[in-house]
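This report refers to the structure that appears directly beneath it.
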Amino acid sequence: MKSKSKPAKNYSCRQCDYQSSTYLGRCPQCNGWSTLQPVVAVSDTLTQPKTDTLRTRLLTTESLENAFDTETGTRLNQQILKLGDVKSNQQAKFSSGFAEFDRVLGGGILPGSYTLIGGDPGIGKSTLMLQVAGKLCESGKSVLYIAGEESPYQIKCRAERLAASAQAVEILAETNVEKILLAIQSLKALPDLMIVDSIQSLYCPDASGTPGSVGQIKECAALLMGIAKKMGLSIVLIGHVTKEGAVSGPKLLEHTVDAVLYFEGDQYQNLRIIRSVKNRFGSTNEIGVYEMLADGLHEVANPSELFLGQTGFKETTPGSVLTAVMQGSRPVLVELQALVGQSAYASPRRVGIGIEQNRLHQIIAVLERRIGLDFSKQDVYVNVVGGLKVTEPAIDLAIAMAITGSTRNISVLPGMVISGEIGLTGEIRVVRHLEQRIAEAQRIGLCKFVMPKIQLSSKSSGKGLLKQASQSTQSKRSGTSDAVDSEIDKLSVQSLADAIQACFVHQ
């Protein structure tokens with residue numbers, strides 16, 4: 001008598017899908033602790049897939065194979081085309097109803113696009129997408145909302161609280177991805193947008209693991225991507241961020257989707273920022289700014305005034321400076337604050353909030369070497385007001401001036417904006433998009449702009465040639481001052497010493 005094959009017990013990492021025959025406390029591939037979970041693998045004879053599974057019928061179903069475009073009369077899939085025969089349609093994108101959301105997407109929602117929105121639980125992802133769904137329904141578009149985590153009643157209660165016009169939004173409360181695909185194919189007309197809330201709640205019966213595991217997320221995302229590309233359906237996936245800061249583990253879906261948007265913010269503040277880190281149809285590192293209120297998310301029309309803090313630019317305090325940063329194609333004015341004080345420890349602290357820690361260490365080292373400041377027994381704290389995270393080197397000079405002002409207890413002139421990159425030798429290097437930064441400072445009503453003396457000229461036939469940004473012969477001590485126009489003055493500096501003289505000469 002043949003004995004039945006005993007199921008073999010294997011272990012799979014829920015973060016990187018590493019397979020092991022024995023349990024390991026730490027995954028050797030992703031170095032995650034306690035991430036291996038048991039997976040029962042039966043014998044080969046029992047694991048052979050059936051030839052007529054639901055998934056096979058989905059991939060070869062007649063409705064998908066014979067899908068036609070009603071306008072052109074051509075098939076939506078299985079076409080081999082020459083690139084020159086593909087028609088360009090500049091009006092293909094449609095607005096979501098929110099200008100900030102359209103900006104991050106690259107101008108609107110493109111039919112057939114596959115987008116992932118990630119963020120911490122409770123940050124407002126579902127609220128934003130429900131408001132977008134309501135705006136689209138107001139404009140005559142159709143929206144299908146896949147509710148994997150909430151019941152239709154809960155979604156309706158939230159829509160009433162937000163006063164969103166979401167009565168026409170179609171809701172499907174289902175977590176089986178195969179049944180979701182069958183429901184889509186049974187529709188007489190495809191919706192203009194499908195929202196999946198969330199990708200971690202879906203599961204595929206043919207894949208191993210529990211919902212939210214690596215295998216399940218990959219399988220469900222692949223099936224949804226096939227529908228999006230073959231049938232021209234725009235899909236937005238909502239994904240949660242883990243404690244490590246990655247969507248669904250170690251960035252599992254970023255290579256699959258067309259656009260990756262991160263919803264950032266502090267649960268103790270009303271500010272919300274949606275940031276584009278990948279976009280095949282628009283600029284990366286673009287941001288949209290929202291304010292979370294009792295009735296939902298509201299767009300911030302002027303982010304610069306929001307990030308300037310309570311004092312703004314009418315009066316200044318030691319350690320506080322204004323700088324202009326680029327967020328995608330948008331210039332934004334932010335306030336930088338620095339605090340330098342006596343350290344109570346043998347190793348002084350260096351804390352940077354909203355900036356890169358290594359950049360802060362480098363600027364402190366340059367100030368010590370080139371200016372002669374001593375921070376060996378001083379704690380240094382630097383903060384970007386408003387919760388914005390800035391990574392570009394154009395804020396180097398502003399950080400240095402904020403630290404210098406706090407150390408010497410002096411403040412810069414009111415209405416002054418500082419922008420420039422600092423080299424290791426103390427020189428002030430060029431920054432990009434200078435004219436846009438100056439124009440934003442002028443629009444807010446600021447009067448002075450400190451910038452590098454040698455700057456890329458946008459008027460030099462567009463070839464990126466270096467030229468002197470100013471030819472005036474004023475003394476270095478007061479900084480070189482040129483009038484950009486009748487309302488704002490430009491102070492061009494060449495080194496850290498020049499910048500200190502220009503920013504603090506009035507003290």
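Could you list, in sequence order, all residues of region 295-320 that are part of a strand (DSSP E or B) and either modelled with pLDDT of 95 or more or under 18 Å from Phe101 (Cα atoms) (or both)?
Hits for region 295-320 are Gly296, Leu297, His298, Glu299.
With respect to the conditions (1) under 23 Å from Val257 (Cβ atoms); (2) surrounded by 13 or more Cβ atoms within 10 Å (Cβ to Cβ); (3) at pLDDT below 85, Thr53 lacks only one, and its number is (1).
Restricting attention to region 355-400, the residues that are closer than 27 Å to Arg330 by Cβ and of a type in the set (D, E, K, R) total 5.
The set of residues in region 252-269 that are modelled with pLDDT under 85, surrounded by 16 or more Cβ atoms within 10 Å (Cβ to Cβ) and not in a strand (DSSP E or B) comprises Leu252, Leu253, Glu254. Specify the residue that is surrounded by the fewest Cβ atoms within 10 Å (Cβ to Cβ); the eligible residues are those in region 85-121 that are under 28 Å from Cys157 (Cα atoms) and over 17 Å from the mean Cα position of the chain (by Cα). Within region 85-121, the match that is surrounded by the fewest Cβ atoms within 10 Å (Cβ to Cβ) is Ser95. The residue of region 220-243 that is most open to solvent (accessible area, probe 1.4 Å), among those that are over 16 Å from Leu144 (Cβ atoms) and outside any helix (DSSP H, G or I), is Lys243. Scanning region 201-216 for residues that are touching a Pro at 6+ places or on another chain (Cβ under 8 Å) and either open to solvent by less than 10 Å² (accessible area, probe 1.4 Å) or under 30 Å from Ser139 (Cβ atoms) (or both) yields a count of 2. Of all residue pairs spaced 6 or more apart or on separate chains, those with beta-carbon atoms under 8 Å, a first member in region 119-135 that is in contact (Cβ under 8 Å) with a residue 40 or more places away in the chain and a second member that is acidic (Asp, Glu) and not in a loop (DSSP other than H, G, I, E, B) are Gly119/Glu264; Ile123/Glu264; Lys125/Asp197; Ser126/Asp197; Met129/Asp197.
Tell me which residues, restricted to region 167-190, are charged (D, E, K, R), closer than 15 Å to Ile227 by Cα and open to solvent by 30 Å² or more (accessible area, probe 1.4 Å). Walk me through how you get there before you give the answer.
First, the residues of region 167-190 that are charged (D, E, K, R): 170, 174, 178-179, 188.
Still in the list and also closer than 15 Å to Ile227 by Cα: 178-179.
Within region 167-190, Lys179 is the sole residue that qualifies.
Beta carbons closer than 9 Å, at least 6 apart along the sequence or on distinct chains, pair a first residue in region 325-342 that is over 26 Å from Arg408 (Cα atoms) with a second that is open to solvent by 20 Å² or more (accessible area, probe 1.4 Å) and small (Gly, Ala, Ser) for Gly328/Gly282; Gly328/Ser283; Ser329/Ser283; Pro331/Ala439. Remark: pairs (first residue in region 199-210, closer than 21 Å to Ile235 by Cα and modelled with pLDDT of 85 or more; second residue surrounded by 15 or more Cβ atoms within 10 Å (Cβ to Cβ) and acidic (Asp, Glu); Cβ separation under 7 Å; 6+ apart in sequence or on different chains) = Ser201/Glu149; Cys204/Glu178; Cys204/Glu219.
The values are calculated or read from the model by the stated rules, or taken from the named source; none is laboratory data. Keep in mind that this is a model prediction, so the values were computed, not measured. We place every Cβ from the backbone using ideal geometry, glycine too, and count neighbours over all the protein chains shown. Heavy atoms of the whole protein, side chains included, go into the accessibility calculation; ligands, DNA and RNA do not. Shrake-Rupley method; radii C 1.70, N 1.55, O 1.52, S 1.80 Å.
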